[in-house]
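The structure appears right after this line, and notes come after that.
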Amino acid sequence: MQVNWTKGLPLWLKSISIITGILVSLSDYSIPLLAQSSQITSNRPFQLQISFIPANTEPPDRGTPPASEGTGSRGDCFYKQDMPPPTRLVGSHPLKLTFEKYPTFWVYVPYTPQEATDGEFSLQDGDSEVYLTHFQLPATPGIVGISLPPTVPPLAVGKEYRWYFDINCPRSPSSDESAAPASLTGLVQRISVSAQLERELNAAKTPLQRIATYARHGIWYEALAELAQLRLHEPKNPMLQKTWIELLSDRTVDLAKIAQEPIVGKVISK
């Protein structure tokens with residue numbers, strides 16, 4: 001039999017007792033609810049701040065273009081006032097490192113196939129040509145990549161190569177001279193994976209954590225390529241877009257002027 005322990009107590013004391021009982025009962029539910037809320041919040045995706053830290057490498061003896069644009073001739077390609085000029089995203093001295101045997105080279109091209117007939121990419125080891133290919137530009141202007149195929153010799157560890165990306169545009173009908181391509185040039189140097197870098201990559205639980213690891217160790221080619229692939233896979237993901245813009249706007253990277261240009265994909269070799 002349930003005993004009414006409040007019987008005989010003054011009315012004000014009964015009220016206090018009832019309120020205390022209600023609060024105790026509510027606390028039994030509030031504790032697990034708070035724990036559940038904390039768990040949900042901790043599982044929400046968050047933007048990872050990615051900062052690029054250049055590796056401590058000596059500048060090359062031969063002249064390396066210090067800027068991402070203006071590294072060659074604009075040739076017969078006209079200047080589009082509402083768009084940035086052709087720009088490389090890789091290959092300046094701070095942005096030259098890779099550990100891939102066959103890396104991808106990314107450039108910004110403001111021309112359509114109607115405005116630029118085709119292009120040529122070459123990789124050189126001193127005076128020797130390692131690779132040469134002709135390609136067709138994508139249907140829309142934007143950031144494009146071109147990868148070394150596994151049919152060519154892999155990049156040697158420690159060796160510095162120079163690459164050229166030439167865009168052929170029709171010359172003016174009034175000109176009697178041969179057409180000159182718009183040309184971009186840059187560097188690439190393969191390095192070996194250190195034990196520390198391998199440990200950090202193995203510990204990374206997400207693609208963005210891997211990209212942050214590349215950037216922290218100055219491995220720009222992989223940091224850019226993997227982030228570009230993520231954006232191509234999820235073009236409407238606002239977090240990836242914000243991460244991309246912030247990384248390219250880094251003072252060391254100095255690519256803010258093309259950070260909001262679309263990523264088109266790979267060029268098509270002829």
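The values are calculated or read from the model by the stated rules, or taken from the named source; none is laboratory data. Note that the coordinates shown come from a computational prediction; the quantities given were computed from them, not determined experimentally. Positions of Cβ are generated from backbone atoms using ideal geometry, with glycine treated the same way; all protein chains shown enter the neighbour counts. Accessible surface is based on the protein model in full, side chains and every heavy atom, while ligands, DNA and RNA are left aside. Shrake-Rupley method; radii C 1.70, N 1.55, O 1.52, S 1.80 Å.
A few points about this structure:
- The label point for Ala55 and the one for Glu198, both projected 7 Å from the Cα toward the Cβ, are 1.5 nm apart.
- Ranked by the mean number of other Cβ atoms within 10 Å per residue, highest first, peptides 205-217, 147-159 order as 205-217, 147-159.
- Across the cross-link table entries Lys96/Lys236; Lys80/Lys101; Lys159/Lys236; Lys80/Lys270, which are compared at the Cα atoms, the separations over 32 Å belong to Lys80/Lys101; Lys159/Lys236.
- Amide H contacts of Val130 (H built 1.01 Å from N, under 5 Å, at least 5 apart or other chain): Leu123, Gln124, Asp125
- Residue list for the stretch 238-264, given a label point 7 angstrom along the Cα-to-Cβ vector of Tyr79 and an amide N cut-off under 19 Å: 257-258
- Per-residue SASA remark: Ser249, around 60 Å² accessible (1.4 Å probe; ligands, DNA and RNA not included).
- FRET efficiency for the Asp127 to Val157 pair, using the beta carbon distance and R₀ = 22 Å, is estimated at 0.60.
- Nonlocal amide H pairs with Lys266, under 5 Å, H built at 1.01 Å: Gly145
- Contour minus Cα-Cα distance for Thr112 and Thr252 (0.36 nm per residue): 47.4 nm
- With θ taken as phi - 60° and the Karplus curve 6.51 cos²θ - 1.76 cosθ + 1.60 applied, the whole-hertz 3J(HN,Hα) list for the stretch 183-188 is 10, 10, 9, x, 10, 8 Hz, x standing for glycine and proline.
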